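K.L.:
Take a look at the following structure, please.
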Amino acid sequence: MPKYRIIVDLSDRQLYLLDGSIVVRGFPVGIGKMLTQTPAGEYEIINKQPNPGGPFGVLWMGLSKPHYGIHGTNDPGSIGREVSHGCIRMYNEDVLALSALVPIHTRVTIRP
């Protein structure tokens, strides 16, 4: 049984999926802009909502910090850039692949 956790590295704009201490996947992400930065810290995934609509793409995974989440996007050009209001944006196909692997309560570490 894998022990998945997620590390979001803001400095290189990557989300890493780890099984224990081994990185199994890396995904490019879009992160918060200067005035609405993605908050560093320890969180967990508390819910998943398919097809939330609008800018959230095909899937929303809410974090234990209210109003923050990992989600798809309707603007793939924004991935790899500082563009969001603090959420972590992924390509739609990437967020679906990630969501299929990680259960609710998966630990998410966001580091500067």
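K.L.:
Using a 1.4 Å probe on the protein heavy atoms, what percent of the accessible area of the chain belongs to carbon and sulfur? All intermediate terms of the calculation are to be shown ahead of the outcome.
P.N.:
Details: 3230 of 5770 Å².
That share works out to 56 percent.
K.L.:
Between ALA97 and ASP9, what is 0.36 nm times their sequence separation minus the Cα-Cα distance? Round to one decimal in nm.
P.N.:
Numbers: separation 88, 0.36 × 88 = 31.68 nm, distance 1.88 nm.
Answer, rounded to one decimal: 29.8 nm.
K.L.:
While we're looking at this one, here's another question. Could you size up the charge dipole of the chain around its Cα centre, putting +1 on the beta carbon of Lys and Arg and -1 on that of Asp and Glu, and report it in debye to the nearest 20?
P.N.:
Working: 11 positive and 9 negative charges, 31 e Å.
In total the dipole reaches around 140 debye.
K.L.:
Counting heavy atoms of the protein chains only and a 1.4 Å probe, report the per residue accessible area for the chain as a whole number of Å². Walk me through the intermediate numbers first.
P.N.:
Working: 5770 Å² over 112 residues.
Ligands and nucleic acids excluded, the result is 52 Å² per residue.
K.L.:
Quick check on region 36-88: take the gyration tensor over C-alpha atoms, sort the square-rooted eigenvalues as a ≥ b ≥ c, and tell me if it's rounded (a/c under 1.5), prolate or oblate.
P.N.:
Details: a/c = 2.34, a/b = 1.12, b/c = 2.09.
Cα axes put region 36-88 in the oblate bin.
K.L.:
Next up: Using the Kirkwood radius over C-alpha pairs as Rh, can you work out the diffusion coefficient of region 4-110 via Stokes-Einstein at 10 °C, viscosity 1.306 mPa s, in µm² per second? Before the final figure, lay out each step's value.
P.N.:
Numbers: Rh = 13.2 Å.
My calculation gives 120 µm²/s for D.
K.L.:
Which sequence of ARG13, ARG25, ARG89 reflects their accessible areas, 1.4 Å probe, from the largest down?
P.N.:
Values: ARG13 70, ARG25 100, ARG89 40 Å².
Per-residue accessible area, sorted high to low, gives ARG25, ARG13, ARG89.
The values are calculated or read from the model by the stated rules, or taken from the named source; none is laboratory data. All values reported here derive from a predicted model rather than from experimental measurement. Virtual Cβ from ideal backbone geometry, glycine too; neighbours counted across all protein chains shown. To get the accessible areas, we keep the full protein, side chains included, count just its heavy atoms, and leave off ligands, DNA and RNA. Shrake-Rupley method; radii C 1.70, N 1.55, O 1.52, S 1.80 Å.
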